[in-house]
Amino acid sequence: MKPLLEQLELNTKQDKVVYRHDLMPEEELTASLVWEYSDKLAAYLHETYKGDKSPIVVYGHKHPFMLVYFLACVKSGHAYCPVDVNTPIDRVEDIIATVKSPVVLVSEDISLDASTLTVPEAKEVIASTTERISKEHYVQGEDIFYIIFTSGSTGKPKGVSITYNNLNHFLDWYTGYYKEKGPQVFLGHPPFSFDLSVMSLWPALYMHAPLVQIDKEHLQDFKVLFKTLEVSKATVWISTPSFAEMCLVDPSFNQDLLPELEQFVFCGEKLFSTTVEKLMERFPRAEVVNTYGPTESTVMVTWMPLTRELLEKYPDNLPVGVIKPGTTVLIDGPESGEIIIYGNTVAKGYYENPEMNAKHFFEVDGERAYRTGDVGHFEGDLLFCEGRIDFQIKLHGHRIELEDIDNNLLKNPKIRQAATVPSMADGKVKSITSFVVYNEPIEKRFETVKLVKKELAQHVPEYMIPKKVVFLDEMPLNNNGKIDKKQLKELV
């Protein structure tokens, strides 16, 4: 397999559109334009910030120039650090200070104290530059390729540092699943500041497959969203399960809307069998794939095409898959315990954060290893994820997996989504509250709550029955398309 940058240059020989955004049809990019623009902008960055190899923050959403910015950074020897428009300004400033970004490349309006380069300014640089960057300046090997900041338990975000080697090992494995398939069209839903975007962005570009971006504005209007889906000709759908659940609310979300769709790939959240069953019914020609992996191990390390036999065998907790070559997963416990990952896609660590690195990263047999904070177990070569260590609570002496309650609530056909959170007082769990999205109008709320609890009691012991059941029209989702449990805790 050729390294990413080498392959992207080869792709320019058979030029075609590789990046489309329906809100900006005039800005669609071909492989050769991406390469040329990023070459010239990289030459400018190298000359302007000579001697400074600090990461560069790239601020924006889905503008096509985000891709030009990313490649210009890595071609000039800088890691890129994507920050989405939904990020609060204080956090943006904090990230800029943490990585010591010499300039911020922006595609959307923002007022910063730092030096910035806007899209019109970048276009002027490109138009006036004849010089192309030399390959000797590219990031390579164990150089950091990108940094994605994730939430930290201390309230300060942590910058996960993924190397060029990490990304190439991931691409070598992941793109292998498409070698025997025909031409693909990838649908890009997550923002670039969410590592799930790596599963669509770089594989699509590597395989010379068009990437159709879904803008955050689409999420506010199903009519606009579904029109984008209809004309996308997408063959590969990559998202969180929650985003797919949101789309399933509309009966027109089916194979007729996306006739070319061959595959759903899910990561980032627990995938429930009820969601898979709906997708299999609505999209009979599409494969549904479950995956697992933290940002700290380059998006994902497992792959599991789901079948009806697997749904019947494991209705309460679907397998997340078989471990990829080059990666080893250890379980820190006799049967079930914390998942530890080591191998060729484990990150270099958290950027400039020795305290957190010492807590989470170490070495096994000379390879980087990472403590995930996820609980799991193996059955044969299949990995099962049981939830987060921090989703485990103790209530009145009983250890409870909150996701276990969610899973059993979803056995009620009248419940579409469920999320359970603890109510805390004086540092202790006092009770638990379940938020549910109901499929039917609720006329008598008190009676409906009793029915929900009665149905749940058929599957879980009494101590796992939530004190409160709260009905919502829709689950709040965070910027990454996951159920926003922080917001739910605030509602409690």
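Derivation of every value follows stated rules applied to the coordinates shown; laboratory data play no part. Values in this document were obtained by computation on a predicted structure and should not be read as measured data. Neighbour counts are summed over all protein chains in view; Cβ atoms, including those assigned to glycine, are modelled from backbone coordinates with ideal geometry.
Overview of results
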quantity	calculated
Net charge over other residues, Cβ less than 11 angstrom from the Cβ of LEU225 (K, R count +1; D, E count -1)	-3
Cα pair distances exceeding 20 angstrom across the stretch 160-263, given as percent	40
Integer Hz, Karplus 6.51/-1.76/1.60 couplings in order for the stretch 114-119, x for Gly and Pro	6, 5, 10, 10, 8, 4
Net charge contributed by nearby residues that have their C-beta within less than 9 Å of THR150 (K/R +1, D/E -1)	-1
3J(HN,Hα) from dihedral phi, the stretch 170-187, Karplus parametrisation 6.51/-1.76/1.60, rounded to Hz, x for glycine, proline	4, 5, 4, 6, 5, 5, x, 5, 10, 5, 8, 9, x, x, 10, 10, 8, 9
Rg and Dmax of the stretch 45-198, Cα atoms only, in Å	16.0, 50
Estimated FRET transfer efficiency (GLU108, LEU10; beta-carbon r; R0 45 Å; 0.05)	0.90
Of LYS233/LYS482; LYS359/LYS394; LYS394/LYS453; LYS394/LYS482; LYS313/LYS453, those spanning more than 22 Å from alpha-carbon to alpha-carbon	LYS233/LYS482; LYS359/LYS394; LYS394/LYS482; LYS313/LYS453
Counting DSSP beta bridges with both ends in the stretch 396-491, the antiparallel % (nearest 5)	70
In Å, descending, principal axis extents of the Cα set of the chain	72, 51, 46
Histogram of C-alpha separations across the stretch 252-361, 10 Å bin width, %	13, 35, 30, 15, 6, 0
Cα convex hull of the stretch 313-387, projected area averaged across orientations, nm²	5.7
Percent RCO, i.e. relative contact order, over the chain, from Cα pairs under 8 Å lying at least 6 residues apart	10
For the stretch 4-305, share of DSSP beta bridges that run antiparallel, in % to the nearest 5	25
Cα-only radius of gyration and Dmax that characterise the stretch 356-492, units Å	17.5, 62
For the chain, calculated [θ]222 nm from helices alone, where every DSSP H run of n ≥ 4 adds -39500 (n - 2.57)	-8500 deg cm²/dmol
Charge tally in the Cβ shell below 10 Å around ALA43, where Lys, Arg are +1 and Asp, Glu are -1, ALA43 excluded	0
Stretch gain in nm, segment VAL231-ASP332, where the contour uses 0.36 nm per residue and the Cα spacing is subtracted	31.6 nm
Globularity index of the stretch 125-182, i.e. its alpha-carbon radius of gyration over 2.2 N^0.38 Å	1.67
Alpha-carbon centroids, the stretch 31-106 and the stretch 402-437: separation in whole Å	41
Packing rank of 187-197, 469-479, 31-41, where each peptide gets the mean count of other beta carbons within 10 Å, highest leading	187-197, 31-41, 469-479
Between the stretch 159-211 and the stretch 233-283, the Cα center-to-center distance that results, in Å	19
Ordering of 326-332, 249-255, 315-321 by packing [mean C-beta count within 10 Å, highest first]	315-321, 326-332, 249-255
Segment LYS394-VAL429, length gained on full extension (0.36 nm per residue, minus Cα span)	11.9 nm
Distance in nm between pseudo-label sites at PHE222 and MET1 (7 Å out along the Cβ direction from Cα)	3.9
Whole-Hz couplings from phi, Karplus 6.51/-1.76/1.60, listed for the stretch 243-257; x for Gly and Pro	5, 5, 4, 4, 5, 5, 4, 8, x, 7, 7, 7, 4, 5, 6
